[in-house]
Amino acid sequence: MLNIVFLDRASLPVDVRAPNIAHHWTAYDATSKVDVIARLADADIAISNKVRLDAETIAALPRLKLIAVAATGTNNVDVDAARARNIPVCNIRGYADNTVPEHALMLMLALARSLPAYRQDLADGAWQRSPYFCHFGAPIRDLSGRTLAIIGNGSLGKRTAALASAFGMRVLCADHKGASARPGYTAFGDALREADIVSLHCPLTPETRGLIGGAELASMKPDAILINTARGGLVDEAALLDALRNGRLGGAGLDVVQEEPPVNGNALLDVQLPNLIITPHVGWASRDAMERLAEQLMGNIEAWAKGAPRNLV
C-alpha cells in the first residue's frame, strides 16, 4: 500500500481519478513551507504542482520514493538532491501544447494591435467624441510580415512557431545564450536584435535565470514586444519596467512573474501602462489542458509503480 500525498490539490481544479494501484490518498488544498515535512512524513509518493521541495526537505523524508510534479516546470524541486537520494522525479509533458501557445499569440495580437489602449480610449469617451466613423489612437501593427524570435525550442516553442507562421510571421529559433548558432538556429544576440517580438518558452534553470535583463532589452528594437508565458525568473522585472516606462520597448505580455502569487507586491502590477498586459499564470489552464494534465499525472505514478517509470527529469 503506497501512501500518496498531494500537497496543493486546489491548484488543479478538475477531477483527478484514483491511480490504479494499491494506495492511500491524502490531498491538501494548499501547503505552506512549514508544513511540508510533517505532511510528507509517511508519504511514499509526493505530488506537488508548485510547493517547494528543497534539499533540506528531501533529506528529512527517508520514506519518500517518488516525486510527481503536476506541471512541466520542475524548478520547485531540488532535482539534484532527489537524484542523490535515488528518488525519481517525473513531470508532465505535452499537455499544454495548444493552450500556452494560443495564450502567447493572444498576447502578441493584443499588444501589436494596442488593444488595452483602445479599450481605455473607449472608456474615456474618445470614440464618442470623434468627428470620424473611427477613432485613431495608438499604433496598430499586423503580425504578418513581422519577425518572431522563439527562445526555447521544446514542444511549446515549436507549436508557437507553427501558429506564428500561420499568421505570416518570419520565425527565428534562438540558440542558447553565448553559444555559437547551430544549423537551423539564430545566435541569441542576433535573434534579439532582429525580432519584432520575442517569446520565451524555456525552463527556469540556474543558467536561464535573468536571461532577459537590461542589456538584452537594450539590444532589442525600441518598438519590440516581449512575451513571457514560461517562468517569471527569466526576466529582470525592474529592467523591464524601466524599459517600458522610458519608451525603450514597445510592449510586454506576461503570464508569469518572479513571485507567485505576488503576495509581497510587484512593481509591474502597480502601474497602469497601455503597452503592458499581465495575466495571472493561466496560459496553461484551459479545461482541456488541465484534464490532460490530471490523466498524465496519474499515468506517471502508475508507470513508476509498475516498474516502467516515464517522464523522468
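The values are calculated or read from the model by the stated rules, or taken from the named source; none is laboratory data. All values reported here derive from a predicted model rather than from experimental measurement. As a convention, Cβ positions derive from the backbone with ideal geometry for all residues, glycine included, and neighbour counts pool all protein chains shown.
LEU241 meets all of the listed conditions (1) in a loop (DSSP other than H, G, I, E, B); (2) without any contact (Cβ under 8 Å) to a residue 40 or more places away in the chain but one, namely (1).
Comparison of LEU105, LEU122, LEU109 shows that the only residue that is hydrophobic (A, V, I, L, M, F, W, C), modelled with pLDDT of 95 or more and buried (at least 18 other Cβ atoms within 10 Å of the Cβ) is LEU105. Of all residues in segment 48-77, those being touching a Leu at 6+ places or on another chain (Cβ under 7 Å), outside any loop (DSSP other than H, G, I, E, B) and under 15 Å from SER32 (Cβ atoms) number 1. Considering only segment 189-205, state which residues are touching a residue at least 24 places away in the same chain (Cβ under 8 Å) and over 20 Å from the mean Cα position of the chain (by Cα). Passing the criteria: GLY189, ALA191, ARG193, GLU194, ALA195, ASP196.
So in segment 187-235, with the set limited to residues that are assigned to a strand (DSSP E or B) and of a type in the set (S, T, N, Q), which one is surrounded by the fewest Cβ atoms within 10 Å (Cβ to Cβ)?
ASN228
Being in contact (Cβ under 8 Å) with a residue 40 or more places away in the chain and either closer than 18 Å to LEU297 by Cβ or surrounded by 15 or more Cβ atoms within 10 Å (Cβ to Cβ) (or both) is the requirement here; does ILE58 meet it? Answer is no for this residue. Scanning segment 131-147 finds one or more residues that are of a type in the set (Gly, Ala, Ser), out of contact with any Phe, Trp or Tyr (no Cβ under 9 Å at 6 or more places or on another chain) and either surrounded by fewer than 18 Cβ atoms within 10 Å (Cβ to Cβ) or outside the structural domain of GLU194 (by TED's automatic domain parsing) (or both). Checking each residue in segment 162-186 for being surrounded by fewer than 18 Cβ atoms within 10 Å (Cβ to Cβ) and in a strand (DSSP E or B) picks out only ARG170.
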